[in-house]
Every structure is written in structure tokens, then in C-alpha cells.
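The values are calculated or read from the model by the stated rules, or taken from the named source; none is laboratory data. This is a predicted model, so every value here is computed, not measured. Don't worry about glycine lacking a Cβ; one is built from the backbone with ideal geometry, like all the others, and counts go over all protein chains shown.
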Amino acid sequence: MDEYRISKSRDEIVKLVQKKFESENMMTIWQKDPKTETRTFKCDVKFYSLNHHEGTFSIAITQEQRQNFNSKLETYFLLKVQDFVFKTKIAITQPVNKEHINFQIPHDVRLKELRIHPRIYIESEEKRFVSARFESKDGQSLTIDVACPIYNISKTGICIIVSKETLSSIKMNEPINLEGLSFFDSMANEVKAIVKNARVYTKKGITTDEYYALGLEFKA
């Protein structure tokens, strides 16, 4: 079964958008009715340009293709290799050329996980915890040290469960000190990891915004 993760890191998203569009400029876009979920528009288009300073990118589209395009609806994007999916809205500024459309760089993207090392999931009954220590985002509080349940782990990274309050104090793309990992595959007890993404923690079909799955990548 394919695994996906949601990234909300602005720096990561901009880099991904640029990398994906440069390597594979064809994509499928579509729109759907927000009430009925019925698809109202679909076509294949080409990437045209990216302006990360303005937070926009543009596609090339013919007049015929855009006949059923609704500028008021969100537009969904799928790159051909099907490992990069997102939705966004058109940008406020639009080109004079009617065969181009400007869109906002998305706030989050859905990525297929391509893993060399297997990911081991920890059952909640095992109660495996890791101590996470980091500097608060506000820069005024003392170092925060919290015990977090481990959701899954591999040789290259770990996913831990954090509360909404803890997440609000964490800086994305910043290092966190982890302690208590010597149980896994001869790993050192203390390691450093970089925060890569966060998503709402879902368990047994229940979604709550009180807890988040925090993805970290181990530093070499």
C-alpha cells in the first residue's frame, strides 16, 4: 500500500514545486463542484513559470481547454508520476496573455513516500516513548523537554506524537534532541533530528486536531 505524507513547510513546498515542475512539466488539473463533489473540469496542461517571491506559478492553457474552467473554484493538480498532489486557488494578479493562468503556490502538498529503509510502526500498547528537547519558537522560554509516544521509526527518521500545545512551540526545519532510541537497531540513545512535517494524528478512523504526528529526519 502506498504511503503519503502532508507537507506544510513553506520552504519545502517551494523547493518541491520548483523541482517537480522543472523535471516534469506536464500535469493534470481538475475542478469539482463543492456541493456534489462532481468533477466539472479536467485537462492536461504544461507548467510555464514560477515566481517564488510573489508566491505564484503559472501554467499554459489553450482557450479551448479553459472553456469550463471556473476561476472561483479550487483547482487540483496531479503530476504524471502521481507522487505529487495538491490543490490551490488562482492568484490575484493574472497575465494579459489569456493562454496562461497564475496560481498561488499551495499551502500544503501530498507526497508519496518512497522509502529505502522500512518503517516500523509501534503499537500503542507497547508504550514506547522518546524524550524530545528543543528551544521554544518564541525564543524567550527555557528549553522544552517532553516525553512523546513513538508512532513509527526507520533508520533515517522517526514520527512522534505531540500535543497541539507542544507543536505550537516547535520550529519547522529546526533540530530537536531525542533521547531513548537505543532499543532500535543499535541506534545511539541520543540523536539529533530535523523537523520536516506535521499532520493531524488519525487513529482508528478518528481525526482530532489536539494531537499531531511530527515527522523528523535524523541528522548524519
### Query
Quick one: is GLU12 closer than 27 Å to GLU217 by Cα and among the charged types (D, E, K, R)?
yes
### Summary
All conditions in (1) more than 19 Å from the chain's Cα centre (by Cα); (2) at pLDDT 90 or above; (3) surrounded by 15 or more Cβ atoms within 10 Å (Cβ to Cβ) are true of PRO106 except (1)
### Residues of the range 1-22 that turn out to be outside any strand (DSSP E or B) and surrounded by 14 or more Cβ atoms within 10 Å (Cβ to Cβ), as a count
11
### Query
Can you spot a residue in the range 178-188 that is over 19 Å from the mean Cα position of the chain (by Cα), at pLDDT 90 or above and not in a loop (DSSP other than H, G, I, E, B)?
yes
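Considering PHE77, PHE41, PHE21, PHE57, which residue is among the aromatic types (Phe, Trp, Tyr), farther than 30 Å from LEU214 by Cβ and not assigned by TED's automatic domain parsing to the domain that holds VAL200? Before the answer, list the steps.
Working: PHE77 fails: farther than 30 Å from LEU214 by Cβ; PHE21 fails: farther than 30 Å from LEU214 by Cβ; PHE57 fails: farther than 30 Å from LEU214 by Cβ.
It is PHE41.
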### Message
Can you go through SER136, SER131 and tell me which one is outside the structural domain of GLU12 (by TED's automatic domain parsing), polar (S, T, N, Q) and part of a loop (DSSP other than H, G, I, E, B)?
### Response
SER136
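Do the conditions hold for LYS112, that is, is it surrounded by 13 or more Cβ atoms within 10 Å (Cβ to Cβ), among the basic types (Lys, Arg), under 20 Å from the mean Cα position of the chain (by Cα) and modelled with pLDDT of 90 or more? Show your work before the answer.
Details: surrounded by 13 or more Cβ atoms within 10 Å (Cβ to Cβ): yes; among the basic types (Lys, Arg): yes; under 20 Å from the mean Cα position of the chain (by Cα): yes; modelled with pLDDT of 90 or more: no.
The answer is no for LYS112.
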### Message
Out of SER136, SER131, SER154, I need the residue that is of a type in the set (Gly, Ala, Ser) and modelled with pLDDT of 90 or more. Which one?
### Response
SER131
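Regarding TYR211, is this residue in a strand (DSSP E or B), at pLDDT 85 or above and surrounded by 13 or more Cβ atoms within 10 Å (Cβ to Cβ)? It would help to see each step written out before you state the result.
Working: in a strand (DSSP E or B): yes; at pLDDT 85 or above: yes; surrounded by 13 or more Cβ atoms within 10 Å (Cβ to Cβ): yes.
Here the answer is yes, as TYR211 does meet what is asked.
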### Query
What are the residues in the range 160-182 that are within 13 Å of ARG128 (Cα to Cα) and loosely packed, with under 14 Cβ neighbours inside 10 Å, if any?
SER182
### Task
Mind listing just one residue for me: the one in the range 23-54 that is free of Cβ contacts under 8 Å to residues at least 12 places away in the same chain and within 21 Å of the chain's Cα centre (by Cα) and, of those, surrounded by the fewest Cβ atoms within 10 Å (Cβ to Cβ)?
HIS53
### Task
Please tell me if ARG66 is surrounded by 15 or more Cβ atoms within 10 Å (Cβ to Cβ), farther than 30 Å from ILE158 by Cβ and at pLDDT below 95.
yes
